Amino acid sequence: MAEAAVIQSYIDLSDNECEARIARAKAALGSQVVILGHHYQREEVFRFADYSGDSLKLSRRAAASDARYIVFCGVHFMAEVADILSRPEQRAILPDMAAGCAMADMADLAKVERAWRELGEILEPEQEVTPVTYINSAANLKAFCGRHGGIVCTSSNAQAVLKWAFDRREKVLFFPDQHLGRNTGYGMGIPLEEMVVWDFNQPYGGLTREQIQAARMILWQGHCSVHQMFQPVHIDRFLERYPDAKVISHPENSFEVCQKSHYVGSTEYIIKAIREAEPGTRWLVGTELNLVNRLREHYKTEGKSIHFMSPTVCMCSTMFRIDPQHLAWSLENLISGQVVNQIKVPEEEAELARLALTRMLEVSP
Ligand code: 13P
Ligand code: SF4
């Protein structure tokens, strides 16, 4: 049967049927397989994860794993990182290839190389600019950073990474998420006037020579559409109603939302803050809905009230692509010795990307 027809036969299965098959396949594969699940995964898939975490924690798990197969329930760049950091004989698998990250796609190698060239007409980038890529980016951009003395960051180590970057060169080119860059830079004392936005659709980012020379951070004009749904007015309205509540946001949110939040941090940070909070506390959470729903369910027995920041439903639609049907399909194929949806980064690229990732892991708290 052609692959599409085989997948179709799984798509037609009910979630319950798939869940039973996933459990059986997992048991049959035993220690040959490890399933990594990002916090934004839907419940029906998340429950099968051997390890869950934010991007940093899952990259460490992938690097430490002994399993022959690393099945990544997350998005494409995460499975690429698993491939880069694992041993050559291990296989990284993404159950559905359509699980990309729209923000990661806002930067590509051609545009970043063009930016580097254009910066080179005004500055000496190799001496003056450290390229920093958010882990939400393609492997070739991580390799670009490896090649040009740069580094990768995640939402939980961005400050330590930026410190590393500024210790080496006076400016940073940060891609693809302008918000993580701005929120972190501001938190380190860099004034907003010293951060400029690089519009990748315009020559020289749409900036003047003077603006580029005066900037400390050059922020790529990328964003996560899921996190742009959260607005400062949602926080104002909530705090009017519950003045004692705490507000916690992911740093992919806008500057205004982060400024109005009591706490800002990665998905793992958000979970820890709520886990360690006093019973009976109330929280407004600005991050993806699957995680917020899970927190709400988990902590209601402790009397903690967890509210989602946006009045509209906003999920990461690409994370949602990983469903029980695709997970069952990937695992059952492994039992019959077939590796489907393997993510393989070409070795030359992987080597440079590994350099930038290793620098990150070394400076991560
Ligand atoms: P974390 O590393 O905080 O889990 O974030 C990953 C992500 O894609 C958030 O949108
Ligand atoms: Fe990418 Fe946003 Fe989804 Fe995170 S939530 S994986 S940044 S699209």
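Each reported figure results from applying straightforward, stated rules to the coordinates on display, with no laboratory input. Being a predicted model, the structure only gives us computed values, none of them experimental. Please note: Cβ atoms are built from the backbone with ideal geometry, for glycine as well, and neighbour counts cover all protein chains shown.
Enclosing the Cα atoms of region 246-336 in their convex hull gives a volume equal to 124 cubic angstrom per residue. The packing ranking of peptides 113-126, 212-225, highest mean first, is 212-225, 113-126, where packing means the average number of other beta carbon atoms within 10 angstrom of each residue. Three semi-axes describe the equivalent ellipsoid of the chain; taken as square roots of 5 times the Cα gyration tensor eigenvalues and ordered largest first, they are 34, 28, 17 Å.
Distance between the C-alpha centres of region 335-365 and region 64-138: 9 Å, rounded to the whole angstrom. Report summary: the helix-based calculation at 222 nm, which adds -39500 (n - 2.57) for every DSSP H run with n ≥ 4 and divides by the residues of the chain, gives -13000 deg cm²/dmol. Under the combined filter of DSSP loop state and at most 11 neighbouring Cβ atoms within 10 Å, region 272-365 retains these GluC sites (Glu not before Pro): 276. In the chain, which whole DSSP H runs stretch at least 20 Å along their own axis (Cα) and average -1.0 or higher on the Kyte-Doolittle scale? Helix filter hits for the chain: 15-29, 347-363. In this structure, the amide hydrogen of residue 153, modeled 1.01 Å from its nitrogen in the peptide plane, lies closer than 5 angstrom to those of 133, 134, 135, counting only residues at least 5 positions away or on a different chain. The alpha carbon radius of gyration of region 1-138, expressed as a multiple of 2.2 N^0.38 Å, is 1.31. Residue by residue, region 260-266 carries 3J(HN,Hα) couplings of 7, 8, 6, 9, 9, x, 5 Hz when phi is fed to the Karplus relation 6.51 cos²θ - 1.76 cosθ + 1.60 (θ = phi - 60°); x denotes Gly or Pro.
Tell me the trypsin sites (Lys or Arg not before Pro) within region 26-79 that lie in a loop according to DSSP and have at most 15 other beta-carbon atoms within 10 Å.
Within region 26-79, the qualifying trypsin sites (Lys or Arg not before Pro) (loop, at most 15 other Cβ atoms within 10 Å) are 47.
With θ taken as phi - 60° and the Karplus curve 6.51 cos²θ - 1.76 cosθ + 1.60 applied, the whole-hertz 3J(HN,Hα) list for region 40-49 is 8, 5, 5, 4, 4, 9, 4, 5, 8, 5 Hz, x standing for glycine and proline. Note on the chain: dipole from Cβ charges, positive end direction compared against 136, 329, 235; the farthest Cα belongs to 235. Each of 214, 154, 190 was scored by the projection of its Cα onto the charge dipole of region 104-224, and the greatest displacement toward the positive side belongs to 154; charges sit on the C-beta of Lys, Arg, Asp and Glu. Counted residue by residue at 0.36 nm each, then reduced by the alpha carbon distance between them, the extension gain from residue 89 to residue 241 reaches 49.2 nm. A straight line joining the Cα centroids of region 235-267 and region 160-216 runs 24 Å.
Put simply, the amide H of residue 282, placed in the peptide plane, has neighbours under 5 Å in 246, 305, leaving out anything fewer than 5 places away on its chain. For region 95-107, 3J(HN,Hα) computed residue by residue from phi via the Karplus equation (6.51, -1.76, 1.60; θ = phi - 60°) reads x, 10, 5, 7, 7, x, 10, 4, 5, 4, 5, 6, 10 Hz, glycine and proline entered as x. Dipole magnitude for region 227-308: computed about the Cα centre from +1 point charges on Lys and Arg Cβ and -1 point charges on Asp and Glu Cβ, it is near 200 debye. Secondary structure note: in the chain, about 5% of the DSSP beta bridges are antiparallel. Rounded to the nearest 20 debye, the dipole size of the chain about its Cα centre is 740 debye, using +1 on the Cβ of Lys and Arg and -1 on the Cβ of Asp and Glu. Put a plus charge on the Cβ of each Lys and Arg, a minus charge on the Cβ of each Asp and Glu, and nothing anywhere else: the dipole of region 5-61 about its Cα centre is then about 340 debye. Between the amide H of residue 197 and those of 219, distances stay under 5 Å, these residues lying 5 or more places away or on another chain, with hydrogens modeled in the peptide plane.
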